[in-house]
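The values are calculated or read from the model by the stated rules, or taken from the named source; none is laboratory data. Computed from a predicted model, the values in this text were never measured in an experiment. Cβ sites come from the backbone with ideal geometry, for glycine too, and all protein chains shown count toward neighbours. Surface areas here come from the heavy atoms of the whole protein model, side chains and all, with no ligands, DNA or RNA. Shrake-Rupley method; radii C 1.70, N 1.55, O 1.52, S 1.80 Å.
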Amino acid sequence: MKRKHITGALLTALFAGSAVAISAAAVYLSALNSGEKAIIESPARAYAAALALRVAKDASPPTAQTALAAVTQNAKALEHISVVVEPRSTKYRFLRKRRFLAANDAKRVGAVLNKQSPLDKRLYDAASSVRSAGKPLLELRSPQDSNLTVLAAAPVMREGKHYATAIVITAPKAPPVPAPAWPLFACGLALFAFALLAALFAPRLRHVLVLLGVIGMSGFSWWWTSGVSAAYTANLTHTLAGLQRTLGTSGSLDALSASPSPWALIIGIPLALVISLLALFGVGRRMAASMAEHRLAYTLLIPAGLGMALLVLLPFVYGLALGFFNHQHGEYNFVGLKNFVEILSGGDRPLSHPLNFYFTLGVTVLWTAVNVFLHVTIGLALALVLKDPLLRFKGIYRALLILPWAMPNYITALIWKGMFHYQYGAVNHVLEIVGLEKVSWFSSFSTAFIANVTTNTWLGFPFMMVVALGALQSIPGDVYEAAAVDGAPRHKVFFHITLPLLRPALYPAIVLGSIWTFNMFNIIYLVSAGAPNGSSDILITEAYRWAFQRGDRYGLAAAYALIIFVVLFFYSKIANRLSRVSEDG
Amino acid sequence: MQQSTKMNRAITHLFLIIFTGMTLLPVALVLRKAVSPGKAFELTINPIPSKVTSEHFREVIGKTSSDGKWLFGRQLLNSTLIALGTTLLGVFLAATAAYAFSRFRFPGRNGGMMAFLVVQMFPATLLMIPMYVILSKLGLLNSILGLIFVYSTTAIPFCVWMLKGYFDTIPKELEEAALIDGASRIRIFYTIVLPLARPALAVTALFSFMTAWNEYILAATFLNREESYTLPVLLNSYVGEHGSANWGAFAAGAVLVSIPIVALFYALQKHLVSGLTAGGVKG
Amino acid sequence: MANVTLEKVVKRYGDNEVVKSIDLEIPDQELVVLVGPSGCGKSTTLRMIAGLEDITGGEIRIDGKRVNETAPKDRDIAMVFQSYALYPHMTVRENLEFGLRMRRAPAKEISERVEEAASMLSIEELLSRRPKQLSGGQRQRVAMGRAIVRRPKVFLFDEPLSNLDAKLRAQMRLELARLHARLRTTMVYVTHDQVEAMTLADRIVVMNEGVIQQVGSPLELYQHPTNRFVAGFLGTPAMNFVSGQLSSTAGEVSFTAEGLQIALEDHGSKLESPEAKEVVLGVRPPDIKLSPDDPSPTPGMVRAKVEVREPMGAEIFLHLDSTCGALVARVDSDCDYRAGDAVMLSIPNRAVHLFDAASHQNLLF
Ligand SMILES: Nc1ncnc2c1ncn2[C@@H]1O[C@H](COP(=O)(O)OP(=O)(O)O)[C@@H](O)[C@H]1O
Ligand SMILES: [Mg+2]
């Protein structure tokens, strides 16, 4: 058998296998994410809160013990410890001991907390927190031991004084997996083997088998999730009933109304289907053939491809995904398009507000246009002057003029920041010499913008100058001779000959330059730092601030990044089209 | 006629001298600050220092950490290693990929090239969060290697486009002749193609080096121990948001940091035009 | 020393079939020239022999051994490119040595062979120069030297002379012929220039649109082209063609066109089906006979007007306009017809080529 076929078979099998694995993983994750979390955590939290408050309200030892018993009986899914701790004496050090007032381990009632035990220590700390806060607290995580999460704690008041603290701790066991996932994986494995065998010995059968397997898989997945769903519902009902008995009310808690998220299935199963369809149409075999044929090319691409995939593409995709989440206090919540809506609607801010997206977009576009215009005009003008073969010292001029390009740009930015300093800056000094007023550069938008543009122009014209010089050198001299013979005046030569001939070289440089300028973080961030009030910020610094300076809003920042990307993508598409049109025309 | 061209030339020179002067002024001011005493910028644009001192250089170079380690040396070493590593790795990655794109027609070629172009448009500063997560998962935070990986991959797209453009101008027949002469593909790559692409390789190396040597934000985020800082991070600490700015030390540091990169830039600048115009910029 | 065999060789780029099932036998020691208009697939064929292009279908054998899957370096061939493809960053000597070095030849042998090739091509003084410092002709020699030092079984040339000016080209052509005489190695030579093909080849292969039209010695092809394409492609100036009908009356076969009738008594037996049909008559410019204007011409003569007279030195090309179309005649330099003169032209029976109007096949062959 030819090697090509074997590779093809392997790839097909790989496709089928990964299709199975993906759908299995999708189902498993969906169950784990919504089912387990809701079953384990939400009811437990609800219980704990209810219990702590209830105990705190009644505040007499027998009632506490009864409530405890009720909870223990109802909440079979939970392993929890509930205690009420004695107050400490504020007066006498030796009396600062806390005792159990009630506990689900009846033997310990009345005993002193043992500071050697991590559990007791945790209780002690929780009691201290509640005491100093003077109000009920929810979810106090122990930094050392995540198993000892205090879900709720409430002060017990007697005669207007802090008398005791009711505390509920869960020590969650390993979360019970809704149902074993192994049938799915076994199914996948079998399918993999089938696909492999069939691909090796009966190419036609392979297609049928892959399709059948995937259809079977999908059905099985649905059946399994509905099982998980049923178990979840049963648990929920049980929990609610127990709660009602404990609290003596008939209210429902919001935390309990969650249901398994369908997202993983909605994404996972179609993905699996698409992959198997690809396998069905022999993409695997064709890929193998082309991989064998172009082995060297692919080999050469592997190093860069891996690096890019890991450190550029993966972050890129992660960034895309992040745009649909909200990040707060270390937790990510899926919020759909909310971030984009917030940005694109201007976030309830008037158009003239510096944090309004459209304001920032306007500033960014203006910033890019002004900079690129200045870079090109200055660069081109210098190139035209320096092109003259009879000019003396032109090598020296050129070498000195590209110095800003060679300088690290954050140094440039900081230098210029210093030069625009109100008191000591060289710019104000010059103004004074000339007899003008000093300017407080960073206290109004227009002057801050000018400062930024000046810095960036200084930094960016050498690149355009070098590109224009290179392009000018490649224009054949006889074109100019012909123009001279025709008697064309100099400005006409420039506009009708030089400029059109320069365009092919300048065009990509301009597109590239505008992309760079659009995302020129360093200058804005270091020179004006957005002053005043963020008005001179461009999109990228704005996004940076959302991510790192205004409450870790990674999701919003990622949405900004995505919008920047879309803007630039369409800009370059349009620019490309324009350049093609202008070259055709 | 004669008179007017002379006149023209004089005006040209005057213009160039003024413009060059303006361009050099900020640099001159930094040089002056670096050698004059005091922390603040002085209120003058005269680039000649009135009093010369080496105190700022001594301060920057002699800086030690709280436990007495020599910081500047460590940071200079970090910066150098990172920049050299990035250059080597970046040039290697970009050259192999660019060669594949230039010489072979394989499925996925256009998509791949497009991807290399498009990722440039995604603001790199914002890739930081996911990069941070990935580096920490790989255990490469706070390490030279981590930054080398990050810098060389972020420099790849531009370098690949530039090199591919240059490789495209090397006639295919040369490689075919070598193939018939008995050289292997890999051998052809490094005995024929790479030597001929020297200008573009030089520019690629320069850009990779500059990327790594000059970068501040990522370095400041990924490195959090003073002795693993790079020079830009050190430099920014003199005029950063905390505390009062020490412009003298900053200027001295800026001079020290800029000298190698400017020297390298000038050493390779004669390739700049040919490398750039044959390559990426012409697309 | 080797022979090269192509059997039903096909090359496709996507759906575009560039070489269409070629069968060709290149005997040992012969210089075979592939000739045809540009874009007809000559280079592609040569490159398939070299191993630079994959073979879509069929088989290529060198010395009886199938080489379809063999890498170029293992085929023991050498190739000279139209652009010479000298390595610009190496000196001439390094260029010549490269192939031997790659094959790990001993240093002594390398230098011996390089010296020998250099003296054969008289480029000894150039050895330390770079290709950029050479003239076109010198580069051409170095490119040939690079092939020679390798002492391959087969030499492949892809239009090696077309970047030279006319004079140098003629000179190099001669040198190449000498080289072949001396080395007696199998050579495959691609060109679009039929003069090169005629002067150099032991055997010419005429190609058009990916198909071999005819294989044979230069003279064979010149005298007996199998079809109209070959007839028109070889010879300067090109053969004249006149469309007309073939008719046979009372066993007498004759060709008729506007104002022209030629009896084909000598060829009658060769024409398989001498019934009336559309044909094209071909006649080479030197075969056209001219006589002074005659008011009452004998049958077989046509009146024509001289439009342009092109003196070439030893001979003159006369561009004629007649009732049966524009024709070119080649006459001796002592002929004194001027532009504007009226002449009588006739086509001798023996010089006639006859092609089927539809299939273009030579009917007399
Ligand atoms: N790499 C290729 N891809 C597609 N078509 C090609 C390729 N190389 C050559 N061709 C086509 O094959 C035909 C023959 O080319 P070639 O052999 O170079 O002609 P020539 O007889 O002039 O040497 C031409 O029509 C050309 O366009
Ligand atoms: Mg050709």
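Of the numbered criteria (1) away from every other protein chain (no Cβ under 14 Å); (2) among the small types (G, A, S); (3) within 16 Å of ligand 1 (Cβ to nearest atom); (4) part of a loop (DSSP other than H, G, I, E, B), the one C:A85 fails is (1). When each of A:L391, A:L386 is tested for being within 11 Å of another protein chain (Cβ to nearest Cβ), assigned to a loop (DSSP other than H, G, I, E, B) and open to solvent by less than 20 Å² (accessible area, probe 1.4 Å), the lone residue that passes is A:L391.
Residue pairs whose Cβ atoms lie under 6 Å apart, separated by 6 or more positions or on different chains, with the first residue in the range C:36-64 and more than 14 Å from chain B (Cβ to nearest Cβ) and the second open to solvent by 20 Å² or more (accessible area, probe 1.4 Å) and within 11 Å of ligand 1 (Cβ to nearest atom), are C:G36/C:N208; C:S38/C:H192; C:C40/C:N208; C:C40/C:E209; C:G41/C:V18; C:T56/C:R12.
When you scan the range B:108-121, do you find a residue that is among the basic types (K, R), within 30 Å of C:E53 (Cβ to Cβ) and either open to solvent by less than 10 Å² (accessible area, probe 1.4 Å) or more than 7 Å from every other protein chain (Cβ to nearest Cβ) (or both), even just one?
yes
Number of residues in the range C:149-168 that are more than 16 Å from ligand 2 (Cβ to nearest atom) and either buried (at least 19 other Cβ atoms within 10 Å of the Cβ) or free of Cβ contacts under 8 Å to residues at least 12 places away in the same chain (or both) equals 7.
When the range C:32-42 is limited to residues that are among the small types (G, A, S) and open to solvent by less than 40 Å² (accessible area, probe 1.4 Å), the one that is nearest to C:A181 (Cα to Cα) turns out to be C:G36. Among the criteria (1) crowded, with 22+ Cβ neighbours inside 10 Å; (2) away from ligand 2 (no atom under 16 Å from the Cβ), the one C:E59 does not fulfil is (1). Do the conditions hold for C:D158, that is, is it within 16 Å of ligand 1 (Cβ to nearest atom), among the charged types (D, E, K, R) and touching a strand residue (DSSP E or B) at 6+ places or on another chain (Cβ under 7 Å)? Taking the combined requirement at face value, the residue satisfies it.
Scoring C:L176 on the criteria (1) open to solvent by less than 30 Å² (accessible area, probe 1.4 Å); (2) on the phi > 0 side of the Ramachandran plot leaves a single failure, condition (2).
Here is a list of conditions, (1) open to solvent by 20 Å² or more (accessible area, probe 1.4 Å); (2) facing chain B (nearest Cβ under 7 Å); (3) more than 26 Å from B:G248 (Cα to Cα), and A:H421 meets all of them except one; can you say which number that is? That leaves (3) as the condition not met. If you check A:L311, A:L320, A:L278, A:L296 for being open to solvent by 40 Å² or more (accessible area, probe 1.4 Å), within 14 Å of chain B (Cβ to nearest Cβ), at pLDDT 70 or above and within 31 Å of the chain's Cα centre (by Cα), only one passes: A:L320. Pairs are defined by a Cβ separation below 7 Å, a sequence spacing of at least 6 or placement on different chains, a first member in the range A:428-443 that is aliphatic (A, V, I, L, M), and a second member that is part of a helix (DSSP H, G or I); the pairs so defined are A:V439/A:N428; A:V439/A:L431; A:V439/A:T447.
Conditions (1) within 11 Å of chain A (Cβ to nearest Cβ); (2) open to solvent by less than 60 Å² (accessible area, probe 1.4 Å); (3) touching a strand residue (DSSP E or B) at 6+ places or on another chain (Cβ under 7 Å); (4) not hydroxyl-bearing (S, T, Y), marked per residue:
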| position | (1), (2), (3), (4) |
| --- | --- |
| B:F15 | yes, no, no, yes |
| B:G38 | yes, yes, no, yes |
| B:T53 | no, yes, no, no |
| B:F57 | no, yes, no, yes |
| B:L81 | no, no, no, yes |
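Residue count for the range C:115-133, restricted to those that are in a helix (DSSP H, G or I) and within 32 Å of the chain's Cα centre (by Cα): 7.
Which residue is farthest from ligand 1 (Cβ to nearest atom), if the candidates are limited to the range C:65-79 and must be within 9 Å of chain B (Cβ to nearest Cβ) and surrounded by 16 or more Cβ atoms within 10 Å (Cβ to Cβ)? Before you say what the answer is, go through the steps one by one.
Filtering the range C:65-79 for residues within 9 Å of chain B (Cβ to nearest Cβ) gives C:71-75, C:77-79.
Then keep just the ones that are surrounded by 16 or more Cβ atoms within 10 Å (Cβ to Cβ); that gives C:72-73, C:75, C:77-79.
Values: C:P72: 16, C:K73: 21, C:R75: 19, C:I77: 17, C:A78: 19, C:M79: 13 Å.
Here the answer is C:K73.
Selection of the range C:181-214 for residues being crowded, with 20+ Cβ neighbours inside 10 Å, away from ligand 1 (no atom under 14 Å from the Cβ), part of a strand (DSSP E or B) and touching a residue at least 60 places away in the same chain (Cβ under 8 Å) yields C:T186, C:M187, C:I204.
Return yes or no: is B:N236 in the same structural domain as B:A155 (by TED's automatic domain parsing) and outside any helix (DSSP H, G or I)? Against the criterion (in the same structural domain as B:A155 (by TED's automatic domain parsing) and outside any helix (DSSP H, G or I)), B:N236 does not qualify.
Applying the selection to the range A:546-571, what residues are surrounded by fewer than 20 Cβ atoms within 10 Å (Cβ to Cβ) and either more than 7 Å from chain B (Cβ to nearest Cβ) or touching a Cys at 6+ places or on another chain (Cβ under 9 Å) (or both)?
Taking the range A:546-571 as the starting set, the residues that turn out to be surrounded by fewer than 20 Cβ atoms within 10 Å (Cβ to Cβ) are A:548-552, A:563, A:566-567, A:569-571.
Correct list: A:F548, A:Q549, A:R550, A:G551, A:D552, A:I563, A:V566, A:V567, A:F570, A:Y571.
Against the conditions (1) within 27 Å of A:L556 (Cβ to Cβ); (2) under 17 Å from the mean Cα position of the chain (by Cα), B:I129 satisfies every one except (2).
One residue stands out in the range C:11-31 among those that are within 15 Å of ligand 1 (Cβ to nearest atom) and open to solvent by less than 20 Å² (accessible area, probe 1.4 Å): the one that is nearest to the other protein chains (Cβ to nearest Cβ), namely C:K11.
Of the numbered criteria (1) at the interface with another protein chain (Cβ under 7 Å from one of its Cβ atoms); (2) in contact with an Asp or Glu (Cβ under 6 Å, 6 or more places away or on another chain), the one B:L126 fails is (2).
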